[in-house]
Protein chains: 2
Amino acid sequence: MVQIKDVAKLAGVSVASVSRVLAGLPVVSEPTRKRVLEAVKELDYRPDLAARRLRSRRSDTIGLVVSDIRNPFFTEVSRAVEDVAFNHQMRVILCNTDEDPDKEASCLELMRDEKVSGVILSPSLKLLSHFTPGDYGFPIVLVDRYERGIEADAVLLENFDAAFRLTEHLITNGHLHIVFVYGAESATGRQRLEGHRAAMLKHQLPVCTEGVKPVEDQAREAALSVLKRSPLPQAVIASSGLILLGVTEALRETRMVIPRDIAVAGFDNMPWTQLVQPGLTVIAQPTYEMGREAIELLLQRIATPDKAMRQLVLRGELIERGSSAARS
Amino acid sequence: MVQIKDVAKLAGVSVASVSRVLAGLPVVSEPTRKRVLEAVKELDYRPDLAARRLRSRRSDTIGLVVSDIRNPFFTEVSRAVEDVAFNHQMRVILCNTDEDPDKEASCLELMRDEKVSGVILSPSLKLLSHFTPGDYGFPIVLVDRYERGIEADAVLLENFDAAFRLTEHLITNGHLHIVFVYGAESATGRQRLEGHRAAMLKHQLPVCTEGVKPVEDQAREAALSVLKRSPLPQAVIASSGLILLGVTEALRETRMVIPRDIAVAGFDNMPWTQLVQPGLTVIAQPTYEMGREAIELLLQRIATPDKAMRQLVLRGELIERGSSAARS
DNA sequence: CTGTTAGCGCGTTCAC
DNA sequence: GTGAACGCGCTAACAG
């Protein structure tokens, strides 16, 4: 194995100079710099990362801790995080928590053991409820989930406003009797519920909700029971992509025709939402952008740890499709 | 920071004994063992991974190199890999290549620099064409993509047979004029094409294919042109989930009714395939299982590097839905 | 601007 | 069964 002293020998300089060149320190003269780089190329020298990390106490690694990478939102976020990290010569290590506080704790310990430069975290409701960024030895940026008043960096959707606009859109189209199916154990779900509630109150309409665990099956079950009610509601809103999937399955099972029998709308512009007849009206989250913003915020935090915490609130886009068309 | 000598001091033993206990070596006496573990707990000692890795020359890290984590197949695989790795106290680092040979090379170099224990790789057609596992300093398990004759561990679908069965299913239902839209730059796509071709030849039917880049847009475009043909084909088969998405979009744009105007079938049982009226017939890949098998094969290879290479070929399940119903 | 040198924290030989 | 001591490959501090 070729190591730094081999490079130093070939270039006729000390190991310190080699180290300086590789670190990009501007204190080396151009001639030495050039000779070192030649020697590096000549020998195909690869620095030993373990040794570097031991000595420098830095890992150049970012942790990504989410509930489930299979959630399309997090899939997209992870892709963005990996892209930016790769461009910054940093690694990403991934951890799935399944919303389980114990597993969250293990993952965060793992990140501490790895001495990660920072973590992008999507916390469970429980963890979020008593979250303090200072409890960990590394900076953390929250993504998707955040509660007002917490002193932490975060990137999130304007959940309240998005749900408000989506609800008003349905009301405008004449759908007044709406059931809001939402993730009861999710910060996001609750915030979207508040936006929905505000819109209904503004129009003096009764609020009718159905809290579910944020799982496709549960949402399907809940939707099936809603669809058996008499009178049938005029519309259903789903507070997340997974729940929208469950609701749509229920609609299909009961052979309901959208929007003739019932209107539908929800969150997350997944590829299939335009395929389901007659197209599903959704709030599209800028998911890739959220991931990119999260890691860039994290990199800034790493660079300047003492700046004030920031919350970046992005706007969702209302995509109107046939599923919420006006009642005739 | 608490380190190994602190533990040794508190337990009243040498650092060597602490190291032996933590490594699980069976040469330590029960009393010392117990006292060491108590001291570890007492001090909440966490071994420094960088130091351990430098010394032991092992990283306990698995690399996952795929074209795009957003491809639902790889999303599921990555979840499986992460689950198993977590249970084995190993880390996963992720790399997206976008099917770009240069990026593949960078990712594999990155893995070498990280001194990963092994890599799970889904190679581009180009990389696969001259792939030799010995070229890298670590074991590699191929997933999803493989070419007969290559001396490498691999986990894949029985592509030929699956495409054969899917095609025969359509033929049985009276769809004789079939267009096969496939990923021309993909090993998987080509193998599935061969299976399709064999089925068509067996029934003495003409083979009609449409090679596309494995991107949703391209598949949509190709399908649109197919749908303009006269006479209209009786069925379309898509060789992957992404292509099936594009084809379905084209069908929707042209207001075709499935299967009255044209029948459809494809690969990958994504959640939305049952939502699109009247449900899409697909070959379901055991994706999670493939990921699990891949990392378990890798762990075995790491444990016993000299055993013969193995290829694990899993069977896809034909899920019949309305989109391929018999012609009336 | 450059070189010398002392550790970073751990695993592992080798004596005992 | 146990401990002392060396060195993994590198960075940073200091001296020149």
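Derivation of every value follows stated rules applied to the coordinates shown; laboratory data play no part. As the structure is a computational prediction, the values presented were derived from the model and not from experiment. A quick note on method: Cβ atoms are made from the backbone with ideal geometry, for glycine too, and the neighbour counts reach across all protein chains shown.
Brief remarks on what is shown
- Kirkwood-based Rg to Rh ratio, segment B:158-301, C-alpha trace: 0.99
- Each copy carries B:ASP60; placing its label point 7 Å along the C-beta direction from Cα gives inter-copy distances of 2.3 nm, listed from smallest up.
- Cα-based radius of gyration of the protein assembly as shown once divided by 2.2 N^0.38 Å, which approximates compact folds: 1.07
- Nearest beta-carbon to the A/B symmetry axis - residue in chain A, distance in Å: A:TRP272, 2
- Per-copy distances of the A:GLN300 label point, shortest first, in nm (7 angstrom along Cα→Cβ): 5.0
- Electrostatic tally near B:GLU30: other residues with Cβ closer than 15 Å to its Cβ, Lys and Arg +1, Asp and Glu -1, net +3.
- Electrostatic tally near B:ILE283: other residues with Cβ closer than 13 Å to its Cβ, Lys and Arg +1, Asp and Glu -1, net -2.
- Antiparallel bridge percentage (DSSP; both residues within the protein assembly as shown; nearest 5): 10 percent
- Linear extension gain, A:GLU158 paired with A:LEU318, 0.36 nm per residue minus alpha-carbon span: 56.4 nm
- Dipole moment magnitude, nearest 20 debye, segment A:90-132 about Cα centre, only Lys, Arg, Asp, Glu C-beta charged: 220 debye
- Residue among B:ILE69, B:TYR146, B:ALA80 farthest towards the positive dipole end of segment B:67-159, charges placed on Cβ: B:ALA80
- Overall form of segment A:68-125 per C-alpha gyration tensor (a/c, 1.5; a/b vs b/c): oblate
- Within the shell of other residues whose beta carbon sits under 13 angstrom from the beta carbon of B:ILE4, the net charge comes to +4, with Lys and Arg scored +1 and Asp and Glu -1.
- Order of B:GLU151, A:GLU99 - criterion: other Cβ atoms within 10 Å of each residue's Cβ, fewest first: B:GLU151, A:GLU99
- If R0 equals 35 Å, the separation of the Cβ atoms of B:ARG112 and A:VAL15 corresponds to a calculated FRET efficiency of about 0.95.
- Beta bridges assigned by DSSP with both partners in chain B are antiparallel in approximately 10 percent of cases.
- Between the listed residues B:MET256, B:VAL36, B:ALA235, the Cα displaced farthest toward the positive end of the dipole of chain B, a dipole computed from Cβ unit charges relative to the Cα centre, is found at B:VAL36.
- Taking Cα centre as origin and charging only the Cβ of basic (Lys, Arg, +1) and acidic (Asp, Glu, -1) residues, the dipole magnitude of the protein assembly as shown rounds to 800 debye.
- Toward the positive end of the charge dipole of chain B, with +1 on the Cβ of Lys and Arg and -1 on the Cβ of Asp and Glu, the farthest Cα among B:GLY279, B:MET290, B:MET1 is that of B:MET1.
- Taking the square roots of 5 times each eigenvalue of the Cα gyration tensor of segment A:37-177, largest first, gives ellipsoid semi-axes of 38, 19, 12 Å.
- Of every Cα-Cα pair in chain B, the percent that sits beyond 30 Å: 46 percent
- In order through segment A:135-141: 3J(HN,Hα) via Karplus (6.51 cos²θ - 1.76 cosθ + 1.60), integer Hz, x for Gly, Pro: 5, 10, x, 9, x, 10, 10
- Point-to-point label distance, A:LEU201-A:ARG148, nm (Cα→Cβ direction, 7 Å offset): 1.1 nm
- The other copies place their A:ASP6 label points at 3.7 nm from this one, listed shortest first, where each point is 7 Å from Cα along Cα→Cβ.
- Range in chain A, longest, excluding exposed trypsin sites (Lys or Arg not before Pro) [loop by DSSP; at most 15 other beta-carbon atoms within 10 Å]: A:59-147
- Relative contact order of chain A, defined on C-alpha pairs under 8 angstrom at six or more residues apart (%): 17 percent
- Note on B:THR172 and B:GLN277: with the Förster distance fixed at 30 Å, the Cβ-Cβ geometry gives a FRET efficiency of about 0.85.
- Amide H to amide H, with H built 1.01 Å from N, A:VAL236 comes under 5 Å of A:VAL179, A:ALA263, A:VAL264, A:ALA265, counting only residues 5 or more places away or on other chains.
- Summing Cβ point charges (Lys, Arg +1; Asp, Glu -1) relative to the Cα centre of segment A:163-239 gives a dipole of roughly 180 debye.
- Simple spin-label estimate for B:HIS130 and B:ARG46 gives 4.5 nm between the two label positions (7 Å along the Cα-to-Cβ direction from each Cα).
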